[in-house]
Amino acid sequence: MNIHEYQAKQLLARYGVAVPKGFVAYTAEEAEKAAQQMPGPVWVVKAQIHAGGRGAGRFADDPNGKGGVRVVKSVADVRANAAAMLGKVLVTKQTGPRGKEVKRLYVEDGCDIKRELYLSMLVDRATGRVTVVASTEGGMEIEEVAAKHPEKIVKVAIDPVTGLQGHHARRVAFGLGLAGKQVGTAVRFLDAMYKAFVDLDASVVEVNPLVVTGSGDVIALDAKMNFDDNALFRHKDVAELRDTDEEDPMELEAGKYELNYVKLDGNIGCMVNGAGLAMATMDIIKLYGGEPANFLDVGGGATKERVTAAFKLILSDPNVEGILVNIFGGIMRCDVIAEGVVAAAREVALNVPLVVRLEGTNVELGKKIMKQSGLPILSADNLADAAEKIVKAVKEAA
């Protein structure tokens, strides 16, 4: 689960992470009142969407204008810029060309920036440890730094038994070129950030940029936090921060039925049981010249109702021109899949090619159900046969 910048800063501040003062605003009037509560003479008005690159982004109705992060020097300008941003679609590298509508802003006190750094914590799947990643190249995407200047990245893996130790934090501070009292400040910052990461079951905490001010303070000028969805039951307060307006409506609908669904840009819908098999299915569709429209794993214990919901979800995507169902029945029974597919196809009046490959538990019964349904379902003997048939059928139907 993702949250907005201002929400991440509020959470981190509870643990002692230094952040600038700021207020969320939903209207231009609220933005003006927020600015009046801060001394100035500089304020920053930030669009709050679940995407990076806001400062470099552009609004769809004014592609040559200002981005989604604006530095202003009067309360009147705070209000004017807030009015110009709210309700508009901001397009960044991460939103894609469709962009995201700005429904809330964060008005923040200005900061005397002397240096910009990069700092994050994440779970390194290779080591199974929380790892600190830091760089002197703040404000840049860390992937770009890794590609062009790998020597400027500091990585420190934390043993879960000991947790973050002083020598870990000092190594990061020295790697960032900090000196004097800045080192002690950075150590306290890292201690607080690590405690927040562990306590809140975060999967990523990213501060970019981490700034050193003219007075030597170390402050999180921006903040991003992602959380482990499987641990949200322990954090009701964090779960309440979820902004469903920022999520794909189809993915939200899938969540109601405990389906693992991710929308993609292709035209062949996929319904598979098992994440690995789903990835292989998408790969082989591309191998045969097609493009998958989604990742959809119905899981090992799906019911007829859940399969029906999954099928209807795929068909609700206007880009879908064909569907491939690929099921290996272990815990999941093939007859249950067949019943769900037939029920959904009848309910939504199937009008695109459908190829089904079944194998495993109750496979013959599943094939019999589909054959007796009277629906135009193409049966496949194996995965390659299924991919070839659906790609061919979609091209012929075009």
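The values are calculated or read from the model by the stated rules, or taken from the named source; none is laboratory data. Keep in mind the model is a prediction, meaning the values are calculated, not measured. Note: ideal-geometry Cβ built from the backbone for every residue, glycine included; neighbour counts use all protein chains shown. Quick note on the areas: whole protein, heavy atoms, side chains included, nothing else; ligands and nucleic acids left out. Shrake-Rupley method; radii C 1.70, N 1.55, O 1.52, S 1.80 Å.
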| Once you list every other residue whose beta carbon is under 14 Å from the beta carbon of ARG79, what net charge do they have if Lys and Arg are +1 and Asp and Glu are -1? | -1
| message | Using the basic label-point model (7 angstrom from Cα toward the beta carbon), what is the GLU305 to LEU365 distance in nanometres? | response | 2.0
| In the chain, what % of DSSP beta bridges are antiparallel (nearest 5)? | 75
| message | Applying a 10 Å radius around every beta-carbon, put 179-185, 145-151 in order of their mean neighbour count, most first. | response | 179-185, 145-151
| For the stretch 238-391, what is the accessible area per residue in Å², given a 1.4 Å probe and the full set of protein chains? | 45
| task | For LYS103 and ARG14, calculate 0.36 nm times their separation in residues minus their Cα-Cα distance, and state this gained length in nm to one decimal. | result | 29.5 nm
| task | Quote the FRET efficiency, to the nearest 0.05, computed for ASP265 versus GLU240 with a Förster distance R0 of 30 Å and r equal to the Cβ-Cβ distance. | result | 0.40
| message | Treating only the Cβ of Lys, Arg, Asp and Glu as charged (+1, +1, -1, -1), what charge dipole size does the chain show about its Cα centre? Round to the nearest 20 debye. | response | 620
| How far is the Cα center of the stretch 329-356 from the Cα center of the stretch 32-57, in Å? | 49
| note | ASP201 neighbourhood, Cβ < 13 Å, K/R = +1, D/E = -1, net charge -1
| query | Mind checking which of VAL91, VAL17, VAL355 has the largest fluctuation in a GNM of the chain, springs on alpha carbons under 10 Å? | reply | VAL355
| query | Which stretch or stretches of the stretch 329-367 have amide N atoms under 19 Å from the point lying 7 Å from ALA398's Cα along the Cα→Cβ direction? | reply | 351-355
| Nitroxide proxy distance, nm - points 7 Å out along Cα→Cβ at GLN37 and ALA146 | 3.8
| Along the charge dipole of the stretch 226-363, which of VAL262, ILE327, GLY289 sits closest to the positive end, that is, farthest toward it, with unit charges on the beta carbon of Lys, Arg, Asp and Glu (+1, +1, -1, -1)? | ILE327
| note | GNM on the chain, Cα springs under 10 Å; top mean-square fluctuation among GLY322, GLY360, GLY53 goes to GLY360
| In the stretch 105-137, which residues have a backbone nitrogen under 17 Å from the label point lying 7 Å from LYS73's Cα in the Cα-to-Cβ direction? | 110-113
| request: Name the residue farthest towards the positive end of the dipole of the stretch 187-241 from the options VAL204, LEU221, LEU241, assuming +1 on Cβ of Lys and Arg, -1 on Cβ of Asp and Glu, about the Cα centre. | output: LEU221
| task | State the percentage of accessible surface on the stretch 1-150 attributable to carbon and sulfur atoms; use a 1.4 Å probe and exclude ligands, DNA and RNA. | result | 50
| said: Taking R0 as 45 Å, what FRET efficiency do you get between LYS66 and ALA349 from their Cβ-Cβ distance, rounded to the nearest 0.05? | reply: 0.40
| field | Axial C-alpha extent at least 24 Å, average Kyte-Doolittle at least -1.0 - helices from the chain (DSSP) | value | 181-199
